[in-house]
1. Would you mind calculating the relative contact order of the chain from Cα pairs under 8 angstrom and at least 6 residues apart, reporting the percent as a whole number?
2. State the Cα centre-to-centre distance between region 272-344 and region 105-143 in whole Å.
3. Just going by the charge dipole of the chain, with Lys and Arg at +1 and Asp and Glu at -1 on Cβ, which of LEU138, TYR118, VAL395 is farthest out on the positive end?
4. Could you check the simple spin-label distance between PHE215 and LEU20, using points 7 Å along Cα→Cβ, in nm with one decimal?
5. Let me have the relative contact order for region 118-249, percent, based on Cα pairs under 8 Å that are six or more residues apart.
6. Once label points are set 7 Å from the Cα along Cα→Cβ at both SER361 and ASN283, what is their separation, rounded to one decimal in nm?
7. What net charge do the residues around THR40 carry, taking every other residue with its C-beta under 14 Å from that of THR40, with Lys and Arg at +1 and Asp and Glu at -1?
8. Ignoring the sites themselves, what is the longest stretch of the chain with no GluC sites (Glu not before Pro) in a DSSP loop and at most 16 other beta-carbon atoms within 10 Å?
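All of the numbers you see were taken from the coordinates with simple rules; none came from a lab. None of the values given here were measured: they were computed from a predicted structure. Here the Cβ is made from the backbone with ideal geometry for all residues, glycine too, and neighbour counts use every protein chain on show.
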Amino acid sequence: MKSLIRAILSKAGGSVFTLLLVIYLGHAIGAQASGYFYFTLAVSVILSQLLRLGLDGVVLRESSRFEQSGNRAALRTFSGDVLVYLAVGGSVVVLAGKLAQPYAAPLLFSGASPFLLYETALYSFVPFTLVWTGASLLKGIGKTSLSVFVEAGSVPLLVLLLLQMQAGAPDYRQAVDALLWANVGAATATVALVIRYAGCSIVRAGMLARCRRLFAESLKGVWVAISNTLIVWAPLLFLGMLATPADVGLYNAAFRVTMLIGAFSPVFKGVATPRLAALLHRNESPVPFLKQSMTRMLYAGLLLLLAGELAFEHVFAYFGPGFSSAAGLATLMLVGMLANVLFVVMETQLILAERNDLLRSNTIFTVLVALPLSLMLINSFQAYGAALAFVVINVLSRAGMLYLFNRMYGCRI
């Protein structure tokens, strides 16, 4: 219970900084310019997934196993291998991105400063990857409160601080520059935390073979990464390509407010991972624990949905001119966000149990539904179409996971 309380407080603090950044940018540079900022962030996230593939799940699983068995030497070697793997892989992706820049930048970033925004996304994604992968490792060893703040609060806090240091009123160019340096600072802090609590040993002997195995294991878990990226970021990415920056800014405001709820997924994942790993180690069924956890989360989610419906109009009044219609988007998106949070513990169990076949089946189903549906809805209804696509993708994906999980364990949840 203490670890859960600490994690919730840490996540709440991080979410406050995320929300403050959205409000600050809304007032300082407006909905359209903040759309450039958050679309750049979305592209950085997609590039990060290309590098990580399914690495987050592998890091979570392996670090929890080493922690449960008390094998600190293996944990230190594993941390070093992950760091080298990301450094080398990131360099390769950055080089490929630079070669593709003349063609990719105008395609992704139509309008103002396409090459500046493209380069910011390209150089941001490696430190961004270090932040999220390091947070997964910290979750695996039980440092949940640290990991959730790293994920939720470190980058927006640093962006806010860097913008406050700028002379005069900021514009979107200064904002994206702050995004790059905030990712670098957050990555440095995350690596320091990993070294402090898990250790890090660069063992050259056999490193190539271990990194190959790491890549192979990441490919096995790529389905979770693809599914979660589509669920969370595909609507924003397609909106940035098919609609206006103002639509992106409006949608992002609603997305960030509902993420105050959705961002608790890492909390529940971090708290549940040691418990599920221990059950798996003792060869005990996780079903009772999952039923209990998901029932409590469902009741809490229904209360939050009611509270959001009552409060969103008042909340978006503080975001500045042009954001009033975000209240309707947020109410709609909250349904999808709650569906995503509800099943995060089940997804964690499938990762730990290495049921990549089930995760793969669910991801293929999500891809076949998500891509055409998102494109169709966004092309027709812009920001509202993106919000509706977000809800439908989340609900269908999690319903598919529930069906496969119940078949696997011969139960009904």
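1. Working: 592 pairs, mean separation 104.3, N = 413.
It rounds to 25 percent for the chain.
2. Between the Cα centres of region 272-344 and region 105-143 lies a distance of 25 Å.
3. Result: LEU138, furthest along the dipole toward the positive end.
4. Taking the two extended label points, one gets 4.3 nm.
5. That works out to 27 percent.
6. 2.5 nm
7. So the environment of THR40 carries a net charge of -2.
8. Between exposed loop sites, the widest span is 1-283.
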